[in-house]
1. Considering the dipole of region 293-333 built from charges on the beta carbon (Lys and Arg +1, Asp and Glu -1) around the Cα centre, which of V311, V325, F294 is farthest to its positive end?
2. Between the helical axis of 228-242 and the dominant principal axis of the chain, each derived from Cα atoms, what acute angle in degrees is found, rounded to the nearest 10?
3. Two decimals is fine: what is log10 I(q)/I(0) at q = 0.11 Å⁻¹ for the chain, from a Debye sum with one equal scatterer on every Cα and no solvent?
4. Could you rank the peptides 15-24, 228-237 by their average count of other C-beta atoms within 10 Å per residue, with the highest value first?
5. So, counting K/R as plus one and D/E as minus one, what does the shell of residues with Cβ under 11 Å around D398 add up to?
6. About the Cα centre of region 263-389, what is the dipole size in debye to 20, counting +1 per Lys and Arg Cβ and -1 per Asp and Glu Cβ, all else neutral?
7. In degrees from 0 to 90, rounded to the nearest 10, what is the angle of the helix 349-363 Cα long axis to the longest principal axis of the chain?
8. From the Cα gyration tensor of region 97-254, with a ≥ b ≥ c the square roots of its eigenvalues, which class applies: rounded if a/c is under 1.5, or else prolate if a/b is larger than b/c, or else oblate?
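Each value in this text was obtained by applying a stated rule to the coordinates, not by laboratory testing. Keep in mind the model is a prediction, meaning the values are calculated, not measured. Cβ coordinates were reconstructed from backbone atoms using ideal geometry, including for glycine residues, and neighbour counts include every protein chain displayed.
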Amino acid sequence: MTRVIEALRAALGTGAVLIGADIGPRHRSDMSMTGRHLPKALIRPRNTDEVAAALKICDTYGQSVVPQGGLTGLAGGANAGPDDIALSLDLLSGIEELDAEAATLTVLAGTPLERAQMAASEQGFLLPLDLGSRGSAQVGGNLATNAGGNRVIRYGMARAQVLGLEAVLADGTVLSSLNKMLKNNAGFDLKQLFIGSEGTLGIITRVVFRLRPLPRSTSTAFCALPSFEAVLALLRRAETDLGGPSAFEVMWPDFYRFVSGHKMTGAQPLRPDHPFYVLIEHQGNDAANDPARFQSLLEAALEEGVLLDAVIAQTEKEAQSFWKVREGYALDTLPEIVNFDVSLAVGRIGAFAEDCRARLAARWPDGQFFFYGHIGDSNLHITTSVSYAAGEGMHDVDEIVYACVRDFAGSVSAEHGIGTLKRDYLSYSRSAAEIDVMRRLKAALDPKGILNPGKVI
Ligand code: ZN
């Protein structure tokens, strides 16, 4: 046993520092499929003081530490190598306070997102952060990656929903900024350093979320449109007439044909031969009038030729079946799939998708390429399925997609983060000066480079 593990066991207790077979299979990899490793040790602190004590010891010994939450990340940010110590936030779980006057919810970082959402809704509030992995993703990881999800168009990314944060620095310093105020310009907004930096600058231990009122009405429709210009026209109309949709999800026709025709989906809301599909959702506070306003928006769009067809969900179950199409889990049944999460100025997404598809098809004429995403948030997802020839690898498809993103001045990561998966492409979306400032911040806060080394930069 190495001296760092002895020191950690002396400080945290033997049961909180696991090695070898005692480390369960869950902690060997996140969902990114960027490799499975048994970490050197797994530490399970029970509170902020123990996180601080553990980091102080690791810093003294120059021991690398990889923070782990729900392990649902898709970019490799939570993957630990054989020389790293994994630090699990699993035991820092629980709701600390709901302040109804301030409309805030204070939770520990290891709390599953869904549990935090339920704590808010039980008191009549909405915690708008929402994503498919809500049941296992933890709020600390959601913030470390600045997660996006389905309601960004209305409420912003994770960072827009946080008022306060507590984080532990590499040297064990506890930085407690548990602010509940909407306005606070007293110097630098330090919490934002830790949101979206994927555990490279500090480990988040507590979060103060900003809550909103629970919506009283939800209207959902599945629409068919003639062109990407029509998609943009519907988005603009929804913004002006409805005060903004709560979700605006676009599907290109190959995606819709494959997913809606698949038995895993079990729903085909509209005929599969239209050029574009949109799932539009509006949530409001006027239960008596919202559904009628939603319907008249769609009727006007139909009259103008912006819509070719549309179906409004009559029940919550029907709305869920629309979402099931958009979630597109049937794509996972295809061979050799690679998923992308990129961002582009909204007006250029249509042209980007055409160009990117053409570049991919030129290289792999038999490949299948699916475009879909949270287009109202400028976020496009792409799933590719190609049979690689000998000597080709998954990175060949990466290079084509990311080069196209660079040519359209987009971002190689919209909502999943950089991790290790996109690290080599960071310079496609960030200037040398920007990356240099990231390195300088890293050196200032973590001079020995123990926190999540090799991730992001
Ligand atoms: Zn997404």
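1. V325
2. On a 0 to 90 degree scale, this one is about 80.
3. The computed values of log10 I(q)/I(0) come out as -0.92.
4. 228-237, 15-24
5. -2
6. The calculation lands at about 400 debye.
7. 80 degrees
8. Prolate is the answer for region 97-254, as a/c is 1.5 or above and a/b outweighs b/c.
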